[in-house]
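The values are calculated or read from the model by the stated rules, or taken from the named source; none is laboratory data. A quick note: this is a predicted structure, and the numbers were derived from the prediction, not measured. Cβ coordinates were reconstructed from backbone atoms using ideal geometry, including for glycine residues, and neighbour counts include every protein chain displayed.
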Amino acid sequence: MSDLEVGSALELLLHGEIVVEGRLVDASNATLFCEIGHGTMSGRCVYKPVAGERPLWDFPDGTLAGREVAAFAVSEATGWGIVPPTVLREGPFGPGMVQLWIDTVDDDAGTLVDVMAPAALPDTWLRVLDALGSDGEPVVLGHADDERLRRMTVLDVVLNNADRKGGHVLVEPGGAVHGVDHGVSFHAEPKLRTVLWGWAGEPLTLTEVTVLEALRDDLLGALGTTLVELVSRHEVLACRRRVDRLLHESRLPYPTEGWPAIPWPPF
Ligand SMILES: Nc1ncnc2c1ncn2[C@@H]1O[C@H](COP(=O)(O)OP(=O)(O)O)[C@@H](O)[C@H]1O
Ligand SMILES: [Mg+2]
């Protein structure tokens, strides 16, 4: 999505009239699918009212929408455009987050993460976990060795995303890969839970280092200022520390001991 497109999407999301069409059934919060229109612009979006957030033991109540918008801000700062345009605003059920709806392809090209029989794992994919299926048969969780997913992995480390499920990875018809559902990000303590462990321990690429260095500066400036409005100061500091640590270690992390590193179910 170009800057121009992101700009108009944000205008639509911020100022458009929201008409709720339905509730997404596989969602754990009140996640509403909506039509949105503003002047000659119209589109579809997801609206998650703060009032519909399921209380969690480890995140303060009423903060998930802000975390989603903060994730968008960081994603934009990387230039990778992973998180769809997302804003905080009033809606039909009070304040909440509103995010542009992403159309997805539903063929093989749209499947970058999957659970399958071990023999079905493509040679080009990375193996994440061996497990047993519901009938006790061996299955494997894997994902494509794909640059678009790898960027998302770097972003997740920075965001400290506690819920990167397969279903939160969306592939657009044009091939762009987006990540959604960042409500449980930015905790100050390590909580990274993801299906994208295929690159654990691998050195960062030169591009990744360049992006992270720019992010480090941005977190001390404009991005940092944006984030303190959305998450706590302590959490912004922790985010900066994660970027510093990534650059210092110069490789993608391994799962932290003592924390279930894979979200369950993984989709
Ligand atoms: N912006 C979006 N564009 C397209 N599909 C989306 C978008 N946001 C969410 N979805 C779909 O809706 C499902 C539920 O939304 P999600 O953000 O995961 O809600 P919850 O926070 O309740 O888990 C996602 O798994 C995804 O399939
Ligand atoms: Mg979800």
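A few notes on this one:
- Residues located in region 66-101, provided they are more than 14 Å from ligand 2 (Cβ to nearest atom), outside any strand (DSSP E or B) and of a type in the set (A, V, I, L, M, F, W, C): Val69, Ala70, Phe72, Ala73, Val74, Ala77, Trp80, Ile82, Phe93, Trp101
- Qualifying residue in region 41-48 (condition: in contact (Cβ under 8 Å) with a residue 12 or more places away in the chain, hydroxyl-bearing (Ser, Thr, Tyr) and surrounded by 13 or more Cβ atoms within 10 Å (Cβ to Cβ)): yes
- Index of the failed condition, Ser250 passing every other in (1) farther than 20 Å from Lys191 by Cβ; (2) crowded, with 19+ Cβ neighbours inside 10 Å: (2)
- Some residue of region 15-27 being surrounded by 14 or more Cβ atoms within 10 Å (Cβ to Cβ) and within 13 Å of Pro84 (Cα to Cα): no
- Residues that are surrounded by fewer than 17 Cβ atoms within 10 Å (Cβ to Cβ) and in a loop (DSSP other than H, G, I, E, B), drawn from region 28-40: Ser28, Gly39, Thr40
- Residue in region 243-266 that is of a type outside the set (Val, Ile, Thr) and under 15 Å from the mean Cα position of the chain (by Cα) present: yes
- The set of residues in region 117-153 being outside any loop (DSSP other than H, G, I, E, B), free of Cβ contacts under 8 Å to residues at least 60 places away in the same chain and surrounded by fewer than 15 Cβ atoms within 10 Å (Cβ to Cβ) consists of Pro118, Ala119, Ala120, Asp130, Ala131, Leu132, Pro138, Glu147.
- Failed item in (1) assigned to a loop (DSSP other than H, G, I, E, B); (2) under 17 Å from the mean Cα position of the chain (by Cα); (3) not polar (S, T, N, Q), with Pro173 passing the rest: (2)
- The residues of region 160-208 that are in contact with a Leu (Cβ under 7 Å, 6 or more places away or on another chain), away from ligand 1 (no atom under 13 Å from the Cβ) and among the charged types (D, E, K, R) amount to a single one, Glu202.
- Some residue of region 53-76 being within 11 Å of ligand 1 (Cβ to nearest atom), of a type outside the set (Val, Ile, Thr), more than 13 Å from Gly183 (Cα to Cα) and surrounded by 15 or more Cβ atoms within 10 Å (Cβ to Cβ): no
- Region 141-168, residues that are closer than 14 Å to Leu126 by Cβ and within 16 Å of ligand 2 (Cβ to nearest atom): Met152, Gly166
- Count of region 75-105 residues which are modelled with pLDDT under 95 and aromatic (Phe, Trp, Tyr): 0
- The single residue among Val46, Val25, Val50 that is touching a strand residue (DSSP E or B) at 6+ places or on another chain (Cβ under 6 Å) and within 15 Å of ligand 2 (Cβ to nearest atom) turns out to be Val46.
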